Structure formats: structure tokens, C-alpha cells
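Read the structure below first, then the notes.
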Amino acid sequence: GVEETFCTLRLKHNIADAQRADVYNERGGRITSLNSFNLPILRYIQLSAERGVLYRNALVAPHYNLNSHSVIYVIRGNARLQVVGENGQNVFDGEIREGQALTVPQNFAVIKKAGNQGFEWVAFKTNDNAKINALAGRLSTMRALPEDVLINAYRIDREEARRLKYNRDETTLFSSDSSGS
Amino acid sequence: QQQQRFQTECRINNLNAQEPGRRVESEAGLSEYWNRNDEQFRCAGVDLVRHTIQRRGLLLPSFSNAPRLVYVVQGRGLHGAAIPGCPETFQSESSSQFRGEQGSQRLSRDQHQKVREIREGDVVAIPAGVAHWIYNDGESQLIVMILYDTSNQANQLDENARRFYLAGNPHQQQQGGRQRRRESWPGSRSRSRSQSPEERERSQQSGSNIFSGFDEEFLADSFNIDNELAMRIQNRDDQRGIIVTVEDELRVLSPQSRGEEREERGLDRDN
């Protein structure tokens, strides 16, 4: 029965088509994810991919890869990236542009900000169901924590804790005009 | 697969009962770390830490590259885990109470993910990459023992348990701890593909929270906040360590136990 399963598995899937985007922000950009749910063969090879388009000066929310490494290849445009490791150590702070590749290890936090020409990338991830955890925005760790935890952790007042939790209402992709709330 | 990748050898001729080799004091507690370079721990692919949290002490939120099991040795408290993609299901309404507040005083609205009570004997499982925090709301010390399973398949980094703090400044804590004591770790051996024990310890000492590695401008943009607040979440001048004192009581949303009991009784009756 092998030919009924492995041999007939679908091997390709287009992730450049804007209409297939999983995350879309009209002022931020779009992201399309490819994982073993929409391309089952990825379960065998334990890999997945993501195609992203970031409009001019827009940001990808600060986040970390929960269960995979990520290798980013720049298809078009440029962006400034910052990557931070376990001790708050900045391990990358610079611009990456078309044709370059950058590895972001598991659990390292990253922020991407597109340059003036926008930014398009493909990220290869070392897990067939790669997950990220956002640190800012509507579905983020900050929102998950009680206000009093933030107040005492950062020594800020309640009003500041609320701004930290709620000032960004977007998810994953942020527009650059600071009007996300 | 993961174990095969990390472990090149498990040559153990004899075993010894181990006590923690390194103690790090924080404002409201003590963290004790077992020697992760000991052969038996390296062979098992685990790392052990014991936190002693004083009354009203808050172990700051952190996540790790390895899944953890927490065992509550003594005391009681609150545990929160921020699980990616999950909704903030604890929401204050006009009639809700904040735990820790006297009486039934109404407070302004907050919402966050589920908070769980923990007490002696409890085991808490924390998946890799999930941030968690612990608060001691009891009358005595809260002691928790944490095992990091670094050889777990969920860990794609190396065999070292890495702790990523979302707040605080572990660097200041470790440099400035009042009674900091560091013991040598005899018998530790480095491996060719990993850091030496000295390098590893040095890297532990240079820790800070992950936001401190970003530009303030980037953080301000990301959170849509001003630069001053962005600087404050970097906690660069924070001397309190990873277990901090909560000024008043920590007020978090938590169902009344009596309410829960009523609900349980109601369910029983319905059944």
C-alpha cells in the first residue's frame, strides 16, 4: 500500500499567491505559511516554510520561534533585523537585503522592519508545524500576563502596563504609523 | 533522535547524590542550580534548579528551550503560563473579584490567560518555549524544584538549558547578589561542540532580559509606546534579580474557590 500513500503525496504548493495569505494587514503586509497541514509530506521531512511580504517601513511583531530554527532568505527589498539571544545579547543588528540568508535559532527573539522598498522573504523552518510566540500585539505574551505581573516585573504603573498590553491591537504584522491601537 | 544527536557518550562508573553547586540570591528569594556539567545529568539530558520564593515574591516570567516539570516542594502560590495563540480567558467583569484584594472591592478591567493555584505536591508541566511565572501568596516560603529536559525532541538548540527572561536583569542580580557563592564544579568536562563550563558560566553571568537586546526605537515601534516606557521594560538598571518583591499583594483574576465548589456541586446534581 506504500504507493497509495507516499508515492501519491502532493509535493508542491504555491505560497507566493497573495490570495492564499494566512495573515494579512492592509497597511503591514502578508504572510503565508506552509506546514504539514496543507502539504502533508512535510510531516515526513519535518520541515515547513513561510513566505512574507512586508510593506514599506512596516514591522513583523517581535517574536520567537517556539519549536524550530528559521532560515530567512531575502527575495526582494531590504529590512533591518535585530535578533536577541538568551541573555538579552544582541546577536544580529543590521540590514539584510536581496540574496542574503540569515539563521534565527530556536527561541531567539527577532524584530523585522522593512526598508523603503518593502521586504519579501521566504523562511525555512526546521519543524513541520513551526510555531511562533509574539511578544507584542493582540495575541502576545504581554497580553497573556496579568497587569500586576507587568507592574511588578517592570516597575511601571498600571497605566503604563495597560499601554504595554493594549496599545497594539494588530497581530503578527504591524503598520509603521503607530496607530495600531 | 535528539538524544542521539546530543549524546556521544554516557560513561558513568559511579553515581553520586548531588547538591546544588551554585546559589544566586534575588531580592525575594534564592535560586540554586545543580551542576549541569556533571556526567550523570549530561547523560540523562537534564538540568535542575530549585527556587525558594519568599512570601510576596514573584519569579519573573521566562521561557526555555527545553520542556520543564515543576514540583512544589513546599508552600503555595500562583502559577501563570502564557501559551502562544491562546485567548485571555480570565476576564474581569463588574462582578469579578481580584485575588488578593480585601473584600469584594471592584477594580478596573484586566484580562489575561489562566492562572492556577499551586500547592505542595503539585506537578506543573511547561512546554518548551512557553513563558511562565510563579508568585508566592502563601504564609511561608514557596519552594519549587524544576527539571529541564534538554534532550527532549522539542529542543532544537544544544544540550544546555537556556532561560530567556522577559523581565528583570539577571546580570545585575548575579553580579550584585549580597551573598553570592559560586562553587567549583569538579569533574565537569567540556565537549567539542559545546561551550566549556567556564564559558557557559560566563554567559550565564552576562544575562539580561530579552528586550534589553533590542533598540528602544524598535521596541517603542513594536509596542506602540513611547521610548521611555520601552527603556523601562529593558530593566537595565534593575538590581532585584529574577525573584522580585511585590509591593502590595499581587492582584490577579482568579475564581473564588467557593464559587468553584458550588459549580462542581451543581454539575454533580445535573449529572
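Miscellaneous remarks
- First in the stretch B:147-165 and surrounded by 24 or more Cβ atoms within 10 Å (Cβ to Cβ) and of a type in the set (Val, Ile, Thr), second anywhere and at pLDDT 90 or above and not in a loop (DSSP other than H, G, I, E, B), Cβ under 8 Å, 6 or more apart: B:150/B:46; B:150/B:47
- Residues in the stretch B:206-251 that are among the acidic types (Asp, Glu), surrounded by fewer than 21 Cβ atoms within 10 Å (Cβ to Cβ) and within 8 Å of chain A (Cβ to nearest Cβ): 2 in all.
- For the stretch A:50-72, the condition holds for at least one residue, the condition being that it is free of Cβ contacts under 8 Å to residues at least 60 places away in the same chain and either hydroxyl-bearing (Ser, Thr, Tyr) or more than 13 Å from every other protein chain (Cβ to nearest Cβ) (or both).
- Per the conditions (1) part of a loop (DSSP other than H, G, I, E, B); (2) within 12 Å of the chain's Cα centre (by Cα), the sole criterion not satisfied by residue A:106 is (2).
- Residue in the stretch A:79-87 that is at pLDDT below 95, of a type in the set (S, T, N, Q) and under 30 Å from residue B:127 (Cα atoms) present: yes
- Here residue A:168 clears all of (1) at negative phi; (2) modelled with pLDDT of 95 or more except the condition numbered (2).
- Hits in the stretch B:123-167 - residues which are closer than 25 Å to residue A:152 by Cα, part of a strand (DSSP E or B) and away from chain A (no Cβ under 14 Å): B:124, B:125, B:142, B:143, B:144, B:145, B:146
- Single unsatisfied condition, residue B:271 versus (1) at the interface with another protein chain (Cβ under 9 Å from one of its Cβ atoms); (2) at pLDDT below 90; (3) farther than 24 Å from residue B:90 by Cα: (1)
- Matching residues in the stretch A:19-44 - criterion: being exposed (fewer than 11 other Cβ atoms within 10 Å of the Cβ) and closer than 20 Å to residue A:74 by Cα: none
- When residues of the stretch A:133-161 are limited to those that are in a helix (DSSP H, G or I), more than 7 Å from chain B (Cβ to nearest Cβ) and free of Cβ contacts under 8 Å to residues at least 12 places away in the same chain, the one surrounded by the fewest Cβ atoms within 10 Å (Cβ to Cβ): A:159
- If only residues of the stretch A:99-115 that are buried (at least 23 other Cβ atoms within 10 Å of the Cβ) and small (Gly, Ala, Ser) are counted, the one that is nearest to the other protein chains (Cβ to nearest Cβ) is A:109.
- Restricting the first member to the stretch B:247-258 and to residues that are under 10 Å from residue A:152 (Cβ atoms), and the second to residues that are at pLDDT 85 or above and β-branched (Val, Ile, Thr), the beta-carbon pairs closer than 8 Å and six or more apart or on different chains are B:250/A:149.
- For the stretch B:28-50, a residue qualifies if it is surrounded by fewer than 24 Cβ atoms within 10 Å (Cβ to Cβ), away from every other protein chain (no Cβ under 14 Å) and farther than 21 Å from residue B:13 by Cα, and the qualifying residues are B:30, B:32, B:33, B:48, B:49, B:50.
- Here residue A:96 meets the list (1) aliphatic (A, V, I, L, M); (2) in contact (Cβ under 8 Å) with a residue 24 or more places away in the chain; (3) within 14 Å of another protein chain (Cβ to nearest Cβ) almost entirely, failing just condition (3).
The values are calculated or read from the model by the stated rules, or taken from the named source; none is laboratory data. Bear in mind that the values here come from a model prediction, so they are computed numbers and not experimental data. Every residue, glycine among them, receives a Cβ derived from its backbone with ideal geometry; neighbour counts consider all protein chains shown.
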